[in-house]
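A quick write-up on the structure given underneath.
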């Protein structure tokens, strides 16, 4: 699962990799301990499970909810296996449906505005990426890029935003593309992961700054002033816009070989402020919680596992284990429309079985 999230900054993740194992043993100040308090988890329950061998596990990764009991989840496995798609039909039934995936391909994110307007975005493992659309109930490839996709926002079937990676290693970037129902237009060559509220309010980032697109030009804002004044590596790691005047940015401050601070910065329409912090880096997915906050998946400080975190009312906390196995690794989170519930994909394993699961809760 680690390979799903270690994609932001090649140089930084290589630096941190050797230190992850010792992160859990680091001493924390009382303030740091308070910042890492676990959020209470309620009513999480399993709605789907795939059992495979722990030596060759299958993962349930990207997931999208299209209604209270409808949606899609995508399976992948390391190596030369083919991805698969499962459609949610009712409360607990998931049915495998035809999906035109290639060997080694993995769906990294998905989006939808309704049960009939659904999109998936894949990584072709060093061969670029692809965009799939559900056309008359059939998954269809509608675009192929030569570089990887980091994130995407689906505003409608004729309004899709695709964001490449914000890799500061010097590698070529996809940039930002917009689809208007007929053509794909590149609106930035340098920016990476992002989130779109509308065609006149699009957020994307690179390095330690975030930029807002008003439909004509990008306007950059440096966020360095909200972070400690040291020489550590800092980078924007994720952004989610709940509305035009309610934008959150996740920024990592790498404080050495072994750990990283994760800050939540908030834009209220006229100014930025720092509203919370915790420990972690490399954001995987972000999802509105349906009540003013949001969930995110990230590599956390305790053991380097992929964790589920929740931001609400100035507090960023790790969601307490919602399965019987505390070492659960969380991959992706998506909001169920019209509710305060989420769907989460996760992996747990025993000595004999790996369990790729979809869980629902809040």
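Quick notes on this structure:
- Of the residues making up the range 78-100, those that are buried (at least 16 other Cβ atoms within 10 Å of the Cβ) and in contact with a strand residue (DSSP E or B) (Cβ under 7 Å, 6 or more places away or on another chain) are 83, 84, 85, 86, 87, 88, 94, 99.
- The number of residues in the range 125-140 being within 19 Å of the chain's Cα centre (by Cα) and touching a residue at least 24 places away in the same chain (Cβ under 8 Å) comes to 4.
- Test: residue 275 is surrounded by fewer than 21 Cβ atoms within 10 Å (Cβ to Cβ), touching a residue at least 60 places away in the same chain (Cβ under 8 Å) and either touching a helix residue (DSSP H, G or I) at 6+ places or on another chain (Cβ under 8 Å) or farther than 29 Å from residue 157 by Cβ (or both): no
- Residue match in the range 320-332 (condition: modelled with pLDDT of 95 or more and assigned to a strand (DSSP E or B)): yes
- All conditions but one from (1) buried (at least 18 other Cβ atoms within 10 Å of the Cβ); (2) in contact with a strand residue (DSSP E or B) (Cβ under 7 Å, 6 or more places away or on another chain) apply to residue 104; the one that does not is (2).
- Scanning the range 253-304 for residues being assigned to a loop (DSSP other than H, G, I, E, B) and either modelled with pLDDT of 85 or more or touching a strand residue (DSSP E or B) at 6+ places or on another chain (Cβ under 9 Å) (or both) gives a total of 13.
- Among the residues making up the range 93-115, those that are free of Cβ contacts under 8 Å to residues at least 24 places away in the same chain and over 22 Å from residue 163 (Cα atoms) are 93, 95, 96, 103.
- Those strands (runs of 3 or more DSSP E) of the range 22-133 in which at least 2 residues are within 24 Å of residue 310 (Cα to Cα) and modelled with pLDDT of 85 or more, considering only elements entirely within it, cover 45-52, 58-67, 70-77, 106-114.
- Test for residue 194: is it at positive phi and at pLDDT 95 or above: no
The values are calculated or read from the model by the stated rules, or taken from the named source; none is laboratory data. Model, not experiment: these values are computed from the prediction. Cβ: placed from backbone, ideal geometry, glycine included. Neighbour counts: every protein chain shown.
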